[in-house]
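Down below is the structure, laid out as structure tokens.
The values are calculated or read from the model by the stated rules, or taken from the named source; none is laboratory data. The structure presented is a predicted model; accordingly, all values stated were derived computationally and were not measured. We place every Cβ from the backbone using ideal geometry, glycine too, and count neighbours over all the protein chains shown.
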Amino acid sequence: MGLRRMGFRQTSTEVHMDKHLKDIIEIEQVLGIIYFSFDGNVLFQYYKQKKPQGIDDKDLSLFTATLDKIQEAELVFENIMLYIVRGCKGFLVTVLRRHAPVAMVRLTCGIFLPELDKQIQKPKGLTRFLKKRI
């Protein structure tokens, strides 16, 4: 598990982020995490076992349009619950079983999201060296 497996390089900051990701995933009854941009592109996703039924990547652009001004939301369905929080680059969605400890998930996501946003904003490759400085 971890950010390396999701396509991220592992630096000291990312090791710290990896710990927060592990903290979320290890919360009882958390099924997975999805982080997607405001235009609906999945930036990363991780599930404990397999993708829960009813989670469809194709509809995320419509989903983001619906969440336009929302900062935080809990959507409760018959068998699962989605905890959604807005970040700088998109939405972090935590997929939970119906009776998961939402307060613990909210607290852990609140710690993880700022670090995730910093990591997503970092330029990769040669771009970071060729950036104009004013």
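Listed values, structure above:
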| item | result |
| --- | --- |
| Leading residue by the ranking (nearest to residue 92 (Cα to Cα)) among those in the range 61-77 that are in contact with a Gly (Cβ under 8 Å, 6 or more places away or on another chain) and polar (S, T, N, Q) | 64 |
| Any hit, the range 66-86, residues being modelled with pLDDT of 75 or more and under 13 Å from residue 116 (Cα atoms) | yes |
| Which numbered condition residue 133 misses (of (1) modelled with pLDDT under 75; (2) in a helix (DSSP H, G or I)) | (2) |
| Failed item, numbered, when residue 85 is tested on (1) farther than 12 Å from residue 20 by Cα; (2) part of a helix (DSSP H, G or I) | (2) |
| Residue identified as surrounded by 12 or more Cβ atoms within 10 Å (Cβ to Cβ), under 14 Å from residue 38 (Cα atoms), under 12 Å from the mean Cα position of the chain (by Cα) and of a type in the set (A, V, I, L, M, F, W, C) among 88, 109 | 88 |
| Residue in the range 28-45 that is nearest to residue 96 (Cα to Cα), counting only those that are aromatic (Phe, Trp, Tyr) and at pLDDT 85 or above | 35 |
